[in-house]
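The values are calculated or read from the model by the stated rules, or taken from the named source; none is laboratory data. What you are looking at is a predicted structure, and each value in this text was computed from that prediction instead of being measured. Cβ atoms come from the backbone with ideal geometry, glycine included; neighbour counts cover every protein chain shown.
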Amino acid sequence: MKKGKLYGIGVGPGDSGLMTVKAVRLVKEADLIITPKTEKKEGSVAWNIAAPYIPETAEVLPMVFPMVTDPSVLKAQWKENAALIAEKLDEGKNVVFLTLGDPMLYSTYMYIFHAFEGSGYDIETIPGIPTFLAIASYLNMPVAEWEETAVILPATADPEKIDKVLSVADHAVIMKVYKSWPFIQKMLRKHGMIHSSVMISRAGLPDEIVLRDLDQVPADYKPNYLSTILARRDRES
Ligand SMILES: C[S@@+](CC[C@H](N)C(=O)[O-])C[C@H]1O[C@@H](n2cnc3c(N)ncnc32)[C@H](O)[C@@H]1O
C-alpha cells in the first residue's frame, strides 16, 4: 500500500483569516488532522485557529507535547507521538500536523520533523505567518528598517548570551517570556530598551493583552505562556 504524506502546517498567529490558501486546502483534504496540545487546560490553540476549515467528517487527533524539562520524559513522549503518526502514514493516510505560527520557528512540529527527517516518509512543511511578524503589524512596530539589526531570542536562553545580544542589536524579538519576566525586565532596563518595548500576550486571540512602557510592569507579573516582547531602544532625550 502507498504510504501517506505528512504535512507540517503553520496556522499563523491566531486569526483564522491569516492562514494561507495552501494550508486551508490541505486541512480540508486531510485524512487525519493532528492538533498539538501545549496548554493542557484550554486544549489546542492551533486547532482553534484551523477549526473553521476542518470538515465535520475529518478525523482529528489531539496529541500531547508535555511542557516539562526532563529529557527522558520528553523523548519518550516524542517517540510515542512519532510512532503513532508513522502508523497512520503506513495505513496510507495523509496526515496534517497543525502548528502555531510558522513550523520552522520554535515549534512543536520540530520534534516530529526531526523524528521523520531522513526516514523515507514523504514530508512537506507549509509556512505560516510567524507570531512576531503578525504582532509587528498589529502594533505598527516595524521589526527592522534600513541597516538596523534585529535578533530573535527565547527568554529561556543562556542569560549571558541574552545580555550580549541585547547590547549590540537595534531591535529584539523576545519569545517564551513567561517564566523569565523579571530577568528580561532587568535586561531591558540595562540596555536602554525598557520604555519603548512592548509585550503582547495572546495576540490575535479574544483575551489579548498589550503592555507598553515595561518599566511600569511589576517584576512579579506572570505573563501568559503565549507572550512576546518586541524590544527596541529608547530614544535619547
Ligand atoms: C512554541 S513557540 C511557537 C512559535 C511559533 N511557531 C511562531 O512562529 O510564532 C511559543 C512562543 O511563541 C510566541 N507566541 C505564539 N503565539 C503567540 C501569541 N498569540 N501572542 C504572543 N506570543 C505568541 C510566544 O513567545 C510563545 O512563548
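Given (1) modelled with pLDDT of 95 or more; (2) more than 18 Å from the chain's Cα centre (by Cα), identify the lone condition not met by Glu59.
The single condition Glu59 does not satisfy is (1).
Within segment 19-32, can you find the residues that are in contact with a strand residue (DSSP E or B) (Cβ under 9 Å, 6 or more places away or on another chain) and either farther than 15 Å from Pro52 by Cβ or surrounded by fewer than 18 Cβ atoms within 10 Å (Cβ to Cβ) (or both)?
Thr20, Lys22, Glu29, Asp31, Leu32
What do you reckon, is Ile123 near the ligand (Cβ under 10 Å from one of its atoms) and either within 19 Å of Tyr225 (Cβ to Cβ) or modelled with pLDDT of 95 or more (or both)?
no
Restricting to segment 131-171, count the residues that are surrounded by 17 or more Cβ atoms within 10 Å (Cβ to Cβ), in contact with a helix residue (DSSP H, G or I) (Cβ under 8 Å, 6 or more places away or on another chain) and over 26 Å from Thr20 (Cβ atoms).
Adding up the residues that qualify gives 4.
Got at least one residue in segment 208-223 being within 10 Å of the ligand (Cβ to nearest atom) and among the polar types (S, T, N, Q)?
no
Having 3 or more residues that are within 10 Å of the ligand (Cβ to nearest atom) is the bar; report the strands (runs of 3 or more DSSP E) wholly within segment 131-206 that clear it.
It comes to 171-175, 198-201.
Examine segment 181-197 for a residue that is aliphatic (A, V, I, L, M) and in contact (Cβ under 8 Å) with a residue 60 or more places away in the chain, and state whether such a residue exists.
Scanning segment 181-197 turns up no residue that is aliphatic (A, V, I, L, M) and in contact (Cβ under 8 Å) with a residue 60 or more places away in the chain.
Quick one: which strands (runs of 3 or more DSSP E) lie wholly within segment 1-103 and hold at least 3 residues that are more than 13 Å from the ligand (Cβ to nearest atom)?
In segment 1-103, 5-10, 32-37, 59-64 are the strands (runs of 3 or more DSSP E) which contain 3 or more residues that are more than 13 Å from the ligand (Cβ to nearest atom).
Please pick out the residue among Lys176, Lys190 that is within 25 Å of Ile129 (Cα to Cα) and in the same structural domain as Ile152 (by TED's automatic domain parsing).
Lys176
Kindly indicate whether any position in segment 40-48 is crowded, with 18+ Cβ neighbours inside 10 Å, hydroxyl-bearing (Ser, Thr, Tyr) and either touching a Ser or Thr at 6+ places or on another chain (Cβ under 9 Å) or without any contact (Cβ under 8 Å) to a residue 12 or more places away in the chain (or both).
Among the residues of segment 40-48, at least one is crowded, with 18+ Cβ neighbours inside 10 Å, hydroxyl-bearing (Ser, Thr, Tyr) and either touching a Ser or Thr at 6+ places or on another chain (Cβ under 9 Å) or without any contact (Cβ under 8 Å) to a residue 12 or more places away in the chain (or both), which makes the answer yes.
Kindly indicate the residue of segment 4-18 that is at pLDDT below 95 and in contact with a Lys or Arg (Cβ under 9 Å, 6 or more places away or on another chain) and also farthest from Ile54 (Cα to Cα) among those meeting that condition.
Gly4
So, Ala203, is that one at pLDDT 95 or above and aliphatic (A, V, I, L, M) or not?
On the way: at pLDDT 95 or above: no; aliphatic (A, V, I, L, M): yes.
No: the conditions fail for Ala203.
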